[in-house]
1. Quickly run through the range 103-114 and pick out the residues that are under 14 Å from K51 (Cα atoms) and free of Cβ contacts under 8 Å to residues at least 12 places away in the same chain.
2. Quickly run through the range 1-34 and pick out the residues that are among the charged types (D, E, K, R) and either closer than 30 Å to Q86 by Cα or exposed (fewer than 10 other Cβ atoms within 10 Å of the Cβ) (or both).
3. Looking at (1) more than 18 Å from N109 (Cβ to Cβ); (2) in a loop (DSSP other than H, G, I, E, B); (3) not charged (D, E, K, R), find the lone condition where Q88 falls short.
4. Select from the range 47-87 the residues that are closer than 13 Å to M112 by Cα and acidic (D, E) and list them in ascending order.
5. State all residues of the range 91-121 that are assigned to a helix (DSSP H, G or I) and hydroxyl-bearing (S, T, Y); if no residue qualifies, say none.
6. Out of the residues in the range 60-102 that are free of Cβ contacts under 8 Å to residues at least 40 places away in the same chain and of a type in the set (D, E, K, R), state the one that is surrounded by the fewest Cβ atoms within 10 Å (Cβ to Cβ).
7. Can you pull out the residues in the range 39-58 that are at pLDDT below 95 and out of contact with any helix residue (DSSP H, G or I) (no Cβ under 7 Å at 6 or more places or on another chain)?
8. Is it the case that some residue within the range 35-51 is more than 16 Å from Q86 (Cα to Cα), without any contact (Cβ under 8 Å) to a residue 60 or more places away in the chain, loosely packed, with under 11 Cβ neighbours inside 10 Å and among the hydrophobic types (A, V, I, L, M, F, W, C)?
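The values are calculated or read from the model by the stated rules, or taken from the named source; none is laboratory data. As the structure is a computational prediction, the values presented were derived from the model and not from experiment. Neighbour counts run over all protein chains shown; Cβ positions are idealised from the backbone, glycine included.
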Amino acid sequence: MTSEESTKDICNCRCIHESRVADATAHALPEHENLHIAQLFKAMGDANRLKVLWALEKEEMCVCDIAAFLKVSESAVSHQLRMLRQLQLVSNRREGQVLYYRLNDHHINELMLIALKHTRE
């Protein structure tokens, strides 16, 4: 990396705009919300977990269906679903011996659609 490349993303002088810093501070999220959102995006940042979420966007699926879709073991899918459930991205229901998963609410779908729209622009 050249020195020009290393400095192109910084100011050429040191000046702090106090009012802007104050506005950003006033608008900042509480730390626990910031951490939760970061965990949410981290979970959605894994390609297989994102595939699971997209698959569940249309209809609920059981672990066996998701494993067949991803071409991975049911154990691997179960591990991913556990993380998604803990972050409240998916929920489940049991019907006899079968455990079905679905997106937890419409906000998850909206997040994915916004990300897709951004990607395609």
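1. Across the range 103-114, the qualifying residue is only L113.
2. E4, E5, K8, D9, R14, E18, R20, E31, E33
3. Condition (1) is where Q88 drops out.
4. Once the filter is applied, which keeps residues that are closer than 13 Å to M112 by Cα and acidic (D, E), the range 47-87 yields only E57.
5. T119
6. Applying the filter and picking the extreme gives K71.
7. Q39, L40, F41, K42, G45, D46, A47, K58
8. yes
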